[in-house]
Amino acid sequence: NWLGLVAMAACTVFLTPIMIHHLGAVEFGVWVLAGSLLDYYGLLDIGMRAAMFRYVGMFRGSDAREEINRTFSSALFIVSVTAVVVCVVSAAVAYFLPRIMTLRGASPYVFGWLLLLLGFSVAVTFPVRMLATYISAHQRWDLFNAAGTASVLTRAAAIIVVLKLGYGVLAVATATLVVAILSLGQHILFLRVADPRVHVSANLISGKRIGELFGFSVRSLLVSIGDYLRFYSDSAVIAAVLNIALVTPFNVVTRLVECFKSVVIAAGGPVFGSMTELDGGRRQEESRALLLRSTRMLSLLSVLGGVLLLVDGRVLLRIWVGPELSSAYPILAILAAAYTINLALHPLLLILIAKGQHGPLGAWTIAEGLVNIGLSIVLGRSYGLLGIAVGTVVPMLAIK
């Protein structure tokens with residue numbers, strides 16, 4: 001699972017300075033802002049993917065073949081309808097938002113088209129991610145990562161070619177959409193390899209199963225909302241309270257933290273799959289032992305990643321994006337220290353979701369996200385980007 005992560009991290013490392021250099025701080029800031037706004041569409045998808053992963057893993061644990069097919073057909077129907085809705089919403093957002101949101105130094109026309117193209121890309125990724133989730137639920141992490149790595153590398157190559165040819169941010173968005181469509185076809189092929197017995201049919205779409213998936217999905221969604229509000233609202237807050245050009249240094253730091261998060265979460269993916277199968281087979285003692293082992297492992301991994309960022313973060317920023325952005329190190333130090341604690345507790349979240357006992361966490365995480373936005377606005381006006389960072393980590397640590 002980490003091999004796919006390495007490819008993704010490498011693309012992030014190489015793409016970020018290239019995009020900043022070719023697009024400039026303002027256009028890159030617009031790109032980041034559009035991506036941050038559209039990331040909220042992913043909330044419609046995350047809960048359903050977690051629900052399908054849990055039910056497929058549970059039915060694999062009890063060897064219920066027909067229930068697996070019923071679950072997959074029902075989930076695929078839901079995400080297909082959601083993808084169509086996202087396309088319609090993207091068109092509306094692309095038309096209205098540039099007219100009501102003022103971005104100093106940025107073209108409303110470019111911002112509108114960027115929202116539309118990236119919105120369509122997000123819509124295509126809904127079925128792509130559902131197919132990928134089904135592959136990983138069968139513990140075929142090799143195929144899951146092979147498909148994801150191919151998509152990431154193709155997208156990176158397409159963006160570099162577009163930028164080297166002298167095109168701007170809209171061409172980058174178009175390349176992203178084309179790669180997303182190609183990735184859909186690739187995941188369909190890999191799905192057949194992961195589970196040759198898979199069967200999708202309209203007759204297998206079950207209202208009862210859709211209800212079960214939605215019930216689980218809503219609980220997972222509420223848990224995810226706080227994380228989204230915490231990690232993806234900062235760009236909008238910075239653009240509104242400070243200056244859109246300041247989105248760039250903050251985004252560079254959060255990308256490093258995102259890589260840190262990904263290392264730990266990638267280790268937790270197979271753990272979650274095993275937890276759901278053990279729960280489906282009612283093997284509670286094995287589930288308890290796995291929780292203890294994974295907590296030790298991910299805690300050590302979190303401390304390692306956090307300390308590396310604290311000790312070497314300034315040098316890493318200077319080497320990666322240049323000395324002009326190494327001044328963002330204090331922001332990195334604050335976020336790295338906080339996420340070390342956050343990620344050490346990741347297995348506790350996994351076991352709650354695997355057992356379907358994560359409902360009460362929803363209210364806590366939403367409250368955390370709302371406090372994060374309010375505190376970031378207040379502190380950001382007085383202390384700039386440092387205030388934004390502190391406003392992010394204080395409610396997160398209180399909840400954890």
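Here are the numbers for this structure:
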{"quantity": "Test: residue in the range 248-259 that is modelled with pLDDT under 80, open to solvent by less than 30 Å² (accessible area, probe 1.4 Å) and either out of contact with any Leu (no Cβ under 9 Å at 6 or more places or on another chain) or part of a helix (DSSP H, G or I) (or both)", "calculated": "yes"}
{"quantity": "Residues of the range 327-378 that turn out to be in a helix (DSSP H, G or I), out of contact with any Pro (no Cβ under 8 Å at 6 or more places or on another chain), polar (S, T, N, Q) and open to solvent by 30 Å² or more (accessible area, probe 1.4 Å), as a count", "calculated": "0"}
{"quantity": "Checking Asn243 against (1) touching a residue at least 40 places away in the same chain (Cβ under 8 Å); (2) more than 23 Å from the chain's Cα centre (by Cα); (3) over 30 Å from Gly322 (Cβ atoms), the condition it does not meet", "calculated": "(3)"}
{"quantity": "Pairs where the first residue, in the range 152-173, is on the phi < 0 side of the Ramachandran plot and the second is aromatic (Phe, Trp, Tyr), C-beta under 6 Å, 6+ apart", "calculated": "Val169/Trp31; Leu170/Trp113"}
{"quantity": "All positions within the range 5-28 that are farther than 18 Å from Ile244 by Cα and in contact (Cβ under 8 Å) with a residue 12 or more places away in the chain", "calculated": "Leu5, Ala7, Met8, Ala9, Cys11, Thr12, Val13, Phe14, Leu15, Ile18"}
{"quantity": "Subset of the range 178-189 [touching a residue at least 40 places away in the same chain (Cβ under 8 Å) and surrounded by fewer than 19 Cβ atoms within 10 Å (Cβ to Cβ)]", "calculated": "Ile181, Leu184, Ile188"}
{"quantity": "Any hit, the range 310-326, residues being over 26 Å from Ile18 (Cβ atoms) and surrounded by 17 or more Cβ atoms within 10 Å (Cβ to Cβ)", "calculated": "no"}
{"quantity": "The listed residue being at pLDDT below 85, open to solvent by less than 50 Å² (accessible area, probe 1.4 Å), in contact with a helix residue (DSSP H, G or I) (Cβ under 6 Å, 6 or more places away or on another chain) and in a helix (DSSP H, G or I), out of Phe216, Phe231", "calculated": "Phe216"}
{"quantity": "Of all residues making up the range 275-309, the number that are surrounded by fewer than 19 Cβ atoms within 10 Å (Cβ to Cβ) and not hydrophobic (A, V, I, L, M, F, W, C)", "calculated": "11"}
{"quantity": "Scope the range 340-382; condition without any contact (Cβ under 8 Å) to a residue 40 or more places away in the chain and farther than 30 Å from Leu304 by Cβ; matching residues", "calculated": "Pro360, Gly374, Val378, Ser382"}
{"quantity": "Residue that is nearest to the chain's Cα centre (by Cα) [pool: residues in the range 260-270 that are β-branched (Val, Ile, Thr) and surrounded by fewer than 22 Cβ atoms within 10 Å (Cβ to Cβ)]", "calculated": "Ile265"}
{"quantity": "Count of residues meeting criterion [polar (S, T, N, Q) and free of Cβ contacts under 8 Å to residues at least 60 places away in the same chain] in the range 69-124", "calculated": "6"}
{"quantity": "Enumeration of residues in the range 153-177 that are basic (Lys, Arg) and open to solvent by less than 50 Å² (accessible area, probe 1.4 Å)", "calculated": "none"}
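Each row is one residue, and each column tells you yes or no for (1) open to solvent by 50 Å² or more (accessible area, probe 1.4 Å); (2) within 22 Å of Tyr228 (Cβ to Cβ); (3) within 21 Å of the chain's Cα centre (by Cα).
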residue	(1), (2), (3)
Ala10	no, no, yes
His22	yes, no, no
Ala34	no, yes, yes
Ser62	yes, no, no
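The values are calculated or read from the model by the stated rules, or taken from the named source; none is laboratory data. In this text, all values refer to a predicted model and were calculated from it rather than measured experimentally. Reconstructed Cβ throughout: ideal geometry from the backbone, glycine too, with neighbour counts over all protein chains shown. The area values use the complete protein model at the heavy-atom level, side chains included, leaving out ligands, DNA and RNA. Shrake-Rupley method; radii C 1.70, N 1.55, O 1.52, S 1.80 Å.
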